[in-house]
Amino acid sequence: MTQKKVLTGISTTGTPHLGNYAGAIRPAIELSKTHDQAFFFLADLHSLIKCQDPELVNRSRLEIAATWMALGLDTDKAVFYRQSDIEEIPQITWLLNCVTAKGTMNRAHAYKAAVDENNAAGNDPDKGITMGLFSYPVLMAADILTFNADLVPVGSDQRQHVEIAREIAQRFNHIYGQEFFVMPQEVIDDETAILPGLDGRKMSKSYNNTIPLFLPEKQLQKSINRIVTNSLEPGVPKDPDDAHLFEIYKAFATEAQTAEYRQAFLDGIGWGEAKKMLFNLINDELKDAREKYYALMENPKQIEETLQQGAEKARIPAREMLRKLKDAVGLRNFI
Ligand code: TRP
């Protein structure tokens, strides 16, 4: 067990897929087992930047909460909550906004990418860009700094955001003359699997090539059957290192299973057979969780209660942090 506090936010857009599972959910749940203090939250305030369909916003957070619970996150031990339930976070966001350099936000990559796209299309550079997108990293800094997290496990696309959180923390500490915030550190695991999707490109909602995590068994099998392969016949040796099936298999298999699968490729296994093996492997890993997932989705009450309990726990340090910060900036009671 380590004393360091880990915290990560889970974006609540779309339905979780195998890539999210292998790349983020599974490693985070593992991490929660070795850390005494783990904070996991649904970044639902962030989701409003990308999605303005209330039904979708709500559906996605329910699905994602059910997913983490079904996969065995120990919600008694880890603090599991919705960002939007922690009312201190938007207030702390404002305090941080007031020390954040606009120039830093200009350089934040999600915003920059949107501007670049507008410029490339000959549009007004601000077209379709909200203040939500522009100041996204400040809200994320508040997520992290409210709890003084030490370690922030994220994908490499989030590295800059954690750097920005440090920059904001430093500025606040400097201006108000005290170590209110510790410097959070991003944890980016290069070993974590990045799965290819149905078409061989990285599995991602934006490529529309995902395999949803909890597809019913038959559909999971169908979906796996759609993963692209080359046209080599059964009996012809195949290069495992050039096969998407192999790459996905590896992310779910033990070393011994991987070695066996590799040998099967070299021995000329047919694609149909290779897909069957992949289906069986994934199905075995997920079937219990899938059952729990559907049971939870039928029982939103249990999810709601779990998240409210999580919010209660999270709000204890959040309240204390907000109190300290308000005092520091001069928002104090008069008597
Ligand atoms: N921006 C992160 C993502 O898109 C989600 C997130 C929001 C987050 N707040 C956070 C991650 C705080 C880590 C810490 O994946």
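Read-outs throughout are calculated quantities, based only on the coordinates presented, and are distinct from any laboratory measurement. Computed from a predicted structure; not experimentally measured. No Cβ is skipped: glycine too gets one built from the backbone with ideal geometry, and neighbour counts run over all protein chains shown.
Taking the C-alpha atoms only, the angle from helix 88-97 to the longest principal axis of the chain is near 70 degrees. For segment 214-294, the Kirkwood estimate of the hydrodynamic radius, built from every pair of different alpha carbons, is 13.1 Å.
Evaluate the charge dipole of segment 105-167 about its Cα centre and quote only its size in Debye, nearest 20, assuming +1 on the Cβ of each Lys and Arg and -1 on the Cβ of each Asp and Glu. Each step should come with its number before you reach the end.
Numbers: 5 positive and 9 negative charges, 10 e Å.
Using only the charged Cβ atoms, the result is roughly 40 debye.
Note on the chain: GNM, Cα springs under 10 Å; of LEU266, LEU296, LEU322, the largest mean-square fluctuation is that of LEU266. Amide hydrogen proximity for GLU186: with H placed 1.01 Å from N in the peptide plane, the residues at 5 or more positions away or on another chain lying under 5 Å are VAL152.
Here LYS250 is the anchor, and the lysines within straight C-alpha reach of less than 18 Å, apart from those fewer than 8 places off in the same chain, are LYS202, LYS238, LYS275, LYS276. Applying the criteria of a DSSP loop state and at most 13 other Cβ atoms within 10 Å to the GluC sites (Glu not before Pro) of segment 148-186 yields GLU179. What number in nm² do you get for segment 97-191 if you take the convex hull of its Cα atoms and divide its surface by four? Taking a quarter of the hull surface, the average projection is 6.9 nm².
For segment 11-116, trypsin sites (Lys or Arg not before Pro) meeting the loop criterion (DSSP other than H, G, I, E, B) and having at most 16 other Cβ atoms within 10 Å: LYS77, ARG107. Most simply put, the chain has about 10% antiparallel DSSP beta bridges, counting only bridges with both residues inside it.
Using a Gaussian network model of the chain in which every pair of alpha carbons under 10 angstrom is joined by a spring, one finds that among THR210, THR146, THR192 the greatest mean-square fluctuation is at THR192.
Take the alpha carbon atoms of segment 1-147, find their radius of gyration, then divide it by 2.2 N^0.38 Å using N residues; give the quotient. Present the calculation step by step, with values, prior to reporting the outcome.
On the way: Rg = 16.8 Å, N = 147, 2.2 N^0.38 = 14.7 Å.
Normalised Cα radius of gyration, segment 1-147: 1.14.
Each Lys or Arg adds one and each Asp or Glu takes one away; over the other residues whose Cβ falls under 15 Å from the Cβ of ARG226, this sums to +4.
If Lys and Arg each add +1 and Asp and Glu each add -1, what is the summed charge of the other residues whose beta carbon sits under 15 Å from the beta carbon of GLY330?
The answer is +3.
Centre-to-centre separation between the Cα atoms of segment 231-277 and those of segment 137-174: 41 Å. Residues of segment 57-71 with an amide N closer than 20 Å to a point placed 7 Å from the Cα of GLU285 along the Cα-to-Cβ direction: 64-71. Our note on the geometry: Cα centres of segment 6-37 and segment 66-111, 14 Å apart.
Could you work out the mean projected area of the convex hull around the alpha carbons of the chain, in square nanometres to one decimal? Present the calculation step by step, with values, prior to reporting the outcome.
On the way: hull surface 80.4 nm².
Averaging across all directions leaves 20.1 nm² for the Cα convex hull.
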